[in-house]
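Heads up: the structure comes next, in structure tokens.
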Amino acid sequence: MPLTNRSTLTQFLIEERRRFPSASGDFNALILDVAIACKAIARAVAFGELGGAMGNHATESGGSVNVQGETQKKLDVLSNEVFIRRTDWAGNLAGMASEEMDLPYQIPARYPRGKYLLVFDPLDGSSNIDVNMTVGSIFSVLRGPDTGADVTEADFLQPGAKQVAAGYALYGPTTMLVLTVGDGVNGFTLDPNLGEFMLTHPHIQVPADTQEFAINASNSRFWESPVKRYVDECLAGKTGPRGKDFNMRWIASMVAEAHRILMRGGVFMYPRDTKDPAKPGRLRLLYEANPIGMIIEQAGGRASTGEKPMLEVQPTALHQRIGLVFGSKNEVERIERYHTEPGRHEMINPLFTERSLFRD
């Protein structure tokens with residue numbers, strides 16, 4: 001329909017800015033540039049094999065590997081470049097950091113420098129690209145040094161509680177942008193006719209209780225005891241200590257997992273485990289755990305390492321990894337409680353004996 005009462009993303013940001021008369025407008029401009037980047041990535045994802053962007057990124061020396069030690073997809077590299085080109089020119093940023101770049105990105109000398117830092121995962125869940133599954137982009141906005149000098153890694157090492165804004169774009173059957181600017185969470189759907197993000201999901205709230213959890217069960221032999229206890233109790237269903245049945249989900253795209261939890265509740269776990277003792281977790285603190293954590297908590301949920309609030313963690317490295325548990329508040333608090341209780345892991349339901357898939 002040509003007329004609608006829905007706000008555009010631009011209208012929403014202007015209304016938010018009116019609450020702060022002294023605001024310069026740089027922040028709004030930055031978010032709108034990020035939205036343009038997400039629109040461009042959505043289009044590239046939508047074309048799939050027709051756009052020639054499927055498969056691994058290749059260099060003269062062979063396949064390309066990022067700082068994480070992961071093989072880069074063509075769309076990983078393309079998405080990273082889109083984020084840079086759509087945001088570095090406007091004078092709103094002091095610098096950027098990305099999953100796909102070893103070091104902080106310096107704003108070119110030909111452009112003015114601003115007071116914000118942009119941290120992002122340009123294409124989360126890229127292992128799903130070639131099988132046409134849901135992927136997304138995650139971003140976080142921090143305050144920068146505002147000195148005009150080159151940024152350093154230390155400038156980005158701020159706890160999640162200091163984020164100015166966080167959001168993600170979801171490239172699914174529809175393209176959505178989910179955003180918090182510190183005053184709740186709102187969801188915007190891309191209208192392909194207008195090319196605009198329209199407010200479709202105002203004031204999103206995560207239900208406090210759930211009967212759904214998401215975890216990569218193939219790692220069960222490496223889980224710590226509190227996680228094993230929680231999962232086993234969920235699997236025991238109505239006859240177990242929880243007294244209700246649970247469903248298990250796993251998409252291997254954190255954006256998709258987070259979106260499902262925002263829409264209907266649930267708990268996501270990618271906890272610290274013993275699979276690789278050198279890595280204290282799989283997910284990246286600055287551009288995955290912190291922005292998703294801010295979104296979930298602004299929607300009334302909870303985000304945690306399993307032992308402490310995620311947004312209180314002081315980063316020590318740009319690409320620092322960490323365990324992450326987030327979702328419905330009561331379930332996350334239960335998992336945290338299990339970490340503080342004396343070590344025990346009893347299986348009450350005889351259906352899940354020592355030979356269960358989820359037992360040592």
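The values are calculated or read from the model by the stated rules, or taken from the named source; none is laboratory data. Worth saying up front: this structure is predicted, and the values here are computed from it rather than measured. Don't worry about glycine lacking a Cβ; one is built from the backbone with ideal geometry, like all the others, and counts go over all protein chains shown.
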Has the stretch 122-132 got at least one residue that is over 15 Å from the mean Cα position of the chain (by Cα) and either outside any helix (DSSP H, G or I) or free of Cβ contacts under 8 Å to residues at least 60 places away in the same chain (or both)?
-> yes
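Checking the structure you have, find out if any residue of the stretch 182-195 is out of contact with any Phe, Trp or Tyr (no Cβ under 8 Å at 6 or more places or on another chain), within 16 Å of TYR116 (Cβ to Cβ) and in the same structural domain as ASP130 (by TED's automatic domain parsing). Quick ask: steps written out before the conclusion?
In the first step, residues of the stretch 182-195 are kept if they are out of contact with any Phe, Trp or Tyr (no Cβ under 8 Å at 6 or more places or on another chain); the result is 182-185, 187, 192-195.
Now restrict to residues that are within 16 Å of TYR116 (Cβ to Cβ): 182.
After this cut, where a residue has to be in the same structural domain as ASP130 (by TED's automatic domain parsing) as well, the list is 182.
Yes.
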Checklist (1) in contact with a helix residue (DSSP H, G or I) (Cβ under 6 Å, 6 or more places away or on another chain); (2) surrounded by 14 or more Cβ atoms within 10 Å (Cβ to Cβ) applied to PRO207, failing item = (1)
Of (1) at pLDDT 95 or above; (2) touching a strand residue (DSSP E or B) at 6+ places or on another chain (Cβ under 7 Å), VAL135 satisfies every one except (1)
Hey, GLY136 among the small types (Gly, Ala, Ser) and over 18 Å from the mean Cα position of the chain (by Cα) or not = no
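With the requirement that a residue be part of a strand (DSSP E or B) and not hydroxyl-bearing (Ser, Thr, Tyr), what does the stretch 297-323 give you? If you could, list the steps in order and put the result at the bottom.
Taking the stretch 297-323 and keeping what is part of a strand (DSSP E or B), we get 302-304, 309, 321-322.
ARG302, ALA303, PRO309, ARG321, ILE322, listed by residue number.
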Residues of the stretch 133-163 being in contact (Cβ under 8 Å) with a residue 60 or more places away in the chain, more than 26 Å from ALA252 (Cβ to Cβ) and either of a type in the set (Phe, Trp, Tyr) or part of a helix (DSSP H, G or I) (or both), which ones?
-> GLU153, ASP155, PHE156, ALA161
Go through GLU224, GLU196 for me and flag whichever is closer than 22 Å to ILE292 by Cβ and more than 18 Å from the chain's Cα centre (by Cα).
-> GLU224
In the stretch 231-253, residue nearest to LEU177 (Cα to Cα) [restricted to those that are modelled with pLDDT of 95 or more and part of a loop (DSSP other than H, G, I, E, B)] = PHE246
Taking only the stretch 254-296 into account, find how many residues are assigned to a helix (DSSP H, G or I) and within 23 Å of LYS162 (Cβ to Cβ).
-> 16
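Given the structure, is THR200 among the β-branched types (Val, Ile, Thr) and either crowded, with 22+ Cβ neighbours inside 10 Å or closer than 21 Å to ASN92 by Cα (or both)?
Working: among the β-branched types (Val, Ile, Thr): yes; either crowded, with 22+ Cβ neighbours inside 10 Å or closer than 21 Å to ASN92 by Cα (or both): no.
Here the answer is no, as THR200 does not meet what is asked.
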Is at least one residue of the stretch 49-71 at pLDDT 75 or above, in a helix (DSSP H, G or I), assigned by TED's automatic domain parsing to the domain that holds SER24 and surrounded by 14 or more Cβ atoms within 10 Å (Cβ to Cβ)?
-> no
Of ALA154, ALA165, which residue is in the same structural domain as LEU93 (by TED's automatic domain parsing), at pLDDT 95 or above and under 17 Å from GLU288 (Cα atoms)?
-> ALA165
If we keep just the residues of the stretch 5-25 that are out of contact with any helix residue (DSSP H, G or I) (no Cβ under 9 Å at 6 or more places or on another chain) and outside any loop (DSSP other than H, G, I, E, B), which is nearest to LEU199 (Cα to Cα)?
-> THR8
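Filter the stretch 25-38 down to residues that are more than 17 Å from LEU142 (Cβ to Cβ) and modelled with pLDDT under 95, then give me how many there are.
In the first step, residues of the stretch 25-38 are kept if they are more than 17 Å from LEU142 (Cβ to Cβ); the result is 25, 32, 35-38.
If we keep only those that are modelled with pLDDT under 95 too, we end up with 25.
Residues flagged as more than 17 Å from LEU142 (Cβ to Cβ) and modelled with pLDDT under 95 within the stretch 25-38 amount to 1.
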